[in-house]
Amino acid sequence: MAKGARVKQLDRYLLETLLWSIVGVLGVLVILDGLSDLIDGLGDLSDTYGFSDLLIYIALTLPRRVEEFVPYATLIGALFGLGRLASSSELTIIRSAGVSMPRLAWMAVKPALIVALAGFGVGEYVAPVSEQIAVSQRALAQRDDPNLAGRYGAWNRDGGTFVHVDAVQRGGLIFGVTLIEFDESGALARSVAADRGTFQGDRWLLEGVATTEMTASGTQVSRQTTREWVSGITPNLLTLDTVKPESLPASQLWGYADYLRSQGLLANDIELAFWNKVLQPLSCAGLVILAMSFIFGPLRETNMSSRIFVGVLAGVVFRISQDFFGPVTLLMGMSGGVAALLTVILCWSVGLVLLLRKQ
């Protein structure tokens, strides 16, 4: 067999081995995280929010968990797959076949990139829809529970009006609407509470409305069956408000950040979430290089359990680095892109230094 054909065969074998290792670890992490949320959610059960509702919520949030755990799965999966190949001397055989370390690194990075791109697709097209449905259904089920009412939902701002919505359904239907309006001097002018609202072109039709006017002599409450609310807030913006930035598609995050800035609100977390999503394939590739440095470097003689432990520890450090560098760099006035890139650079630098030291 020619050398080129032999290298292609080894490339395919390594791709399949690492791909299944990463996918298997990803499945385990997602299931464990779902079980953890299931246990935590048992305390929220009530007459209006039953165990079946909790199970539906967990199921609908699985796509978001898949995207969230892709980096850790690539690190631990690569450690597991490469460690197994090293234990059986298959990596030694691959190197003996004339495969250089840079070529071997590229072979190992390819399955991580495949999983990362698949995770990006899930986060872009599946997770935002399922997450919004999950959050909306949970908020609707818990609206009538006095112990949980108002716990979920989102705040927004439209000029001098602050808006809170308990739940948003697809199609422009909102529940539990509260409008708090201020005059030009910044004094509270009125508050409006409505049971539900429907978007109709360029305005909202609120139903079951109670309006409290602030007057010099006190407050005056009036009730209406319906009331129009003209606002630049659209159902799409409210949908973006009700879920965490990490669950939003990257294609909408940048525009959402611009909208928040136009309202005088902070959008640093939105910008950071955008860059974290865009740079995730690079993060995954860097984590695989880090895993290779453990296999060919300081962990070359250790057993599998030790490698997996170090992989989990490195994953935790990676997450802490993201949580640390992000807010710190934003406080220093740097952009979200710089904050997200620092973690990627740190990961690549540590991996390459450890790997090259043993060559």
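The values are calculated or read from the model by the stated rules, or taken from the named source; none is laboratory data. Values in this document were obtained by computation on a predicted structure and should not be read as measured data. Here Cβ is always computed from backbone atoms with ideal geometry, including for glycine, and neighbour counts include all displayed protein chains.
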* **Those residues of the stretch 42-68 which are outside any loop (DSSP other than H, G, I, E, B) and more than 29 Å from residue 116 (Cα to Cα), in sequence order** => 42, 43, 44, 51, 52, 53
* For the stretch 159-170, indicate whether the set of residues that are closer than 18 Å to residue 61 by Cβ, at pLDDT below 85 and exposed (fewer than 15 other Cβ atoms within 10 Å of the Cβ) is non-empty. => yes
* Read through the list (1) in contact with a strand residue (DSSP E or B) (Cβ under 8 Å, 6 or more places away or on another chain); (2) surrounded by 20 or more Cβ atoms within 10 Å (Cβ to Cβ); (3) of a type outside the set (S, T, N, Q), then give the number of the only condition that residue 195 fails. => (2)
* **In the stretch 198-207, the residues that are surrounded by 11 or more Cβ atoms within 10 Å (Cβ to Cβ), of a type outside the set (A, V, I, L, M, F, W, C) and under 19 Å from residue 239 (Cα atoms)** => 198, 203
* Does the stretch 217-228 include one or more residues that are within 32 Å of the chain's Cα centre (by Cα) and within 28 Å of residue 141 (Cβ to Cβ)? -> no
* Say whether the condition of being touching a residue at least 40 places away in the same chain (Cβ under 8 Å) and surrounded by 14 or more Cβ atoms within 10 Å (Cβ to Cβ) is met by at least one residue in the stretch 35-44. => yes
* Structure fact -> Among helices (runs of 4 or more DSSP H) completely within the stretch 78-172, the ones holding 1 or more residues that are within 21 Å of residue 67 (Cβ to Cβ) and under 23 Å from the mean Cα position of the chain (by Cα) are 101-121, 127-142
* Which number in (1) touching a residue at least 40 places away in the same chain (Cβ under 8 Å); (2) more than 13 Å from residue 172 (Cβ to Cβ) marks the one condition that residue 239 misses? -> (2)
* Quickly run through the stretch 268-281 and pick out the residues that are surrounded by fewer than 21 Cβ atoms within 10 Å (Cβ to Cβ) and either in contact with a Leu (Cβ under 6 Å, 6 or more places away or on another chain) or farther than 21 Å from residue 64 by Cβ (or both). => 268
* Every residue from the stretch 223-257 that is within 18 Å of residue 204 (Cβ to Cβ) and aliphatic (A, V, I, L, M) -> 230, 233, 237, 238, 240
* Quick one: how many residues across the stretch 54-64 are buried (at least 20 other Cβ atoms within 10 Å of the Cβ) and either within 25 Å of residue 347 (Cα to Cα) or more than 15 Å from the chain's Cα centre (by Cα) (or both)? -> 2
* Just to be sure, is residue 30 touching a helix residue (DSSP H, G or I) at 6+ places or on another chain (Cβ under 8 Å), part of a helix (DSSP H, G or I), assigned by TED's automatic domain parsing to the domain that holds residue 282 and under 19 Å from residue 282 (Cα atoms)? -> no
* Asked: Is it the case that residue 175 is modelled with pLDDT of 85 or more, within 30 Å of residue 213 (Cα to Cα) and among the hydrophobic types (A, V, I, L, M, F, W, C)?
  -> yes
* Selected residue (criterion: modelled with the highest pLDDT) from residues of the stretch 178-192 that are of a type in the set (S, T, N, Q) and surrounded by fewer than 17 Cβ atoms within 10 Å (Cβ to Cβ) -> 178
